[in-house]
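Some notes on the structure that comes next.
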Amino acid sequence: MYKWRHLIENFFGKLKEFKRIALRADKTDQSFAAMIHIAATVINSR
């Protein structure tokens, strides 16, 4: 169980590297969700 928690915590750490997501600069929920998906795609492609 700790193994999965560690992976998730690492993912959120990488996700917070994107300043726009960390600051929640998007005005709508839909654009914020879209930015999270884009960032997750970039992280996954590395």
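Bear in mind these aren't lab numbers, they're just calculated from the coordinates by the rules spelled out. None of the values given here were measured: they were computed from a predicted structure. So basically every Cβ, Gly included, is an ideal-geometry build from the backbone, and we count neighbours across all protein chains shown.
Quick notes on this structure:
- Residue in the stretch 21-29 that is surrounded by 10 or more Cβ atoms within 10 Å (Cβ to Cβ) and over 10 Å from the mean Cα position of the chain (by Cα) present: yes
- Among the helices (runs of 4 or more DSSP H) confined to the chain, the ones with at least 3 residues that are of a type outside the set (Gly, Ala, Ser) and touching a residue at least 24 places away in the same chain (Cβ under 8 Å) are located at 2-15.
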